[in-house]
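Below is one structure, written out as structure tokens; comments come after it.
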Amino acid sequence: MSKLKVTALAFALIASFGGTLPVQADETCNSPYTTKLIKGQEDFVHVWTLGVKGMGDESDKLVTVDVNPKSKDYGKVVHSVTVGGRGEAHHTGFTDDRRFLWAGRLDDNRIFVFDIGSDPAKPKLVHTITDFTQKTGYVGPHTFYALPGRMMVQALSNDKDHGGRTGLVVYNNKGEFVEKYDMPTGRHGDVMADGYGYDIGINPQKNALLTSSFTGWNNYMMDFGKMVKDADAMKHFGNTMVMWDLKSMKPQKVMNVPGAPLEIRWSLKSGDNWAYTATALTSKLVLIKQDAKGEWQAKEVGTVGDPSKVPLPVDISITADAKGLWVNTFLDGTARYFDISDPEAPKEVYQKVIGSQVNMVSQSWDGKRVYFTTSLLGNWDKKGGDDQQFLKLFHWDGKALSEKFSIDFYALKLGRAHHMKFSAKPVNTAGLKERVAELASNR
């Protein structure tokens, strides 16, 4: 290779990387618009954590754990950022450039923006959005889903009756309000739209935005034991999913999915036209797929645990090859793995009790590392000795989970461990420049 060609290659590489080498992909529930993702070993897991009265600083916080097995701090908390107060910390999401992590609170409606990109080991709080409800009329910013240069937020409730009717909100990456979209209500075809919302899932190839539904502030801030005994409260859970035209942001079809369909996971295989959800109250796996005519249909294709015992399916995670699905059931603390090689006929092939309760699950892109946290909602978590709060890492060999470490968030006085996101250290290109220069001089 000539010196000219080597030098040109060097400049092309360095320019395209912008000073760092990009990583390729991440846990399988991220927005498809999120770039610089992690396909190799993640370095840190960031846990959005609920403060507990009388414990530590009592505040919600972002906790960073070192998870690289080559690190001297492997399996240890290396940093935390306290945001002040307790507002029901819940979900988080990266911006499309992966530099910033947005985190929301379901009670006081604050949104916190952390700088992750500058130093993933030590995230910094750089912005707080305090007027979410004033701008939108919605309550409970739940899902944060990256769009190109934008952040889409799914809310859970509203400020009029604190019920389940709500909407979607779009901000730009600077945290400035752009637009809001009410969830559909009234009759759509033969389905009555309830106006409820919960999660967001986008399939760009199909111009498809899929949303699910849960319940409003009146229920999610109520004590769980009290709520399940309240017949009227139990009537106020979502029973629909909505397929939107992504480009126009108009509802395309409302589908009847009883039992509070929660997390949405699209197949990540190019060309696939299907997604899964699990229903919290009826313990069903539901497939959302186009039929032969191109119409979106939702149908029950599997059962999670024993529905009569209401195991309460919560978080789910699809494998990168779309052949496996993890499903967590909160009340029995169990993680279940389903073979979904045939998405029309999922089969449970493995289960393991993770703890007295379990909520969130995140897996590495290669599927070999699976992380679990415990908190669902402050007033829904178990009481007494069953109120375990941890982050656990397991290795998965395709047949069984083997525990690698467990961090007791209560023992460390951190609070209730909830949502997780991965990050990786940027790879500096200084060494690359020197190596390319050396190669050029030897040609």
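The values are calculated or read from the model by the stated rules, or taken from the named source; none is laboratory data. Since we're looking at a predicted model, the values are computed, not measured. As a convention, Cβ positions derive from the backbone with ideal geometry for all residues, glycine included, and neighbour counts pool all protein chains shown. Calculation scope for accessible area: heavy atoms of the full protein, side chains included, ligands and nucleic acids excluded. Shrake-Rupley method; radii C 1.70, N 1.55, O 1.52, S 1.80 Å.
Figures for the structure shown
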{"read-out": "Those residues of region 106-153 which are under 25 Å from TYR198 (Cβ atoms), assigned to a strand (DSSP E or B) and among the β-branched types (Val, Ile, Thr), in sequence order", "value": "ILE111, VAL113, THR128, ILE129, VAL139, THR143, VAL153"}
{"read-out": "Condition met for ASP232 (of a type in the set (D, E, K, R), within 26 Å of ASP381 (Cβ to Cβ) and in contact (Cβ under 8 Å) with a residue 60 or more places away in the chain)", "value": "no"}
{"read-out": "Members of region 154-181 found to be open to solvent by 20 Å² or more (accessible area, probe 1.4 Å) and part of a loop (DSSP other than H, G, I, E, B), listed by number", "value": "ASP159, LYS160, ASP161, HIS162, ARG165, ASN173, LYS174, GLU176"}
{"read-out": "Residue list for region 412-443, restricted to those being open to solvent by 70 Å² or more (accessible area, probe 1.4 Å) and either under 18 Å from SER375 (Cβ atoms) or modelled with pLDDT of 95 or more (or both)", "value": "LEU412, LYS413"}
{"read-out": "Flag if LYS247 is out of contact with any Ser or Thr (no Cβ under 8 Å at 6 or more places or on another chain) and either assigned to a loop (DSSP other than H, G, I, E, B) or crowded, with 18+ Cβ neighbours inside 10 Å (or both)", "value": "yes"}
{"read-out": "Counted residues, region 368-404 - those being farther than 16 Å from MET420 by Cα and not hydroxyl-bearing (Ser, Thr, Tyr)", "value": "21"}
{"read-out": "Residue list for region 293-334, filter: over 18 Å from the mean Cα position of the chain (by Cα) and of a type in the set (Phe, Trp, Tyr)", "value": "TRP296"}
{"read-out": "Residues of region 182-203 classified as open to solvent by 60 Å² or more (accessible area, probe 1.4 Å) and closer than 28 Å to VAL113 by Cβ, total", "value": "1"}
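Quick grid of which residues meet (1) assigned to a strand (DSSP E or B); (2) closer than 21 Å to ASP199 by Cβ; (3) open to solvent by less than 20 Å² (accessible area, probe 1.4 Å):
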position	(1), (2), (3)
ALA322	no, yes, yes
ASN328	yes, yes, yes
PHE338	yes, yes, yes
TYR371	yes, yes, yes
SER375	no, yes, yes
LEU391	yes, no, yes
GLU403	yes, no, no
SER406	yes, no, no
TYR410	no, no, no
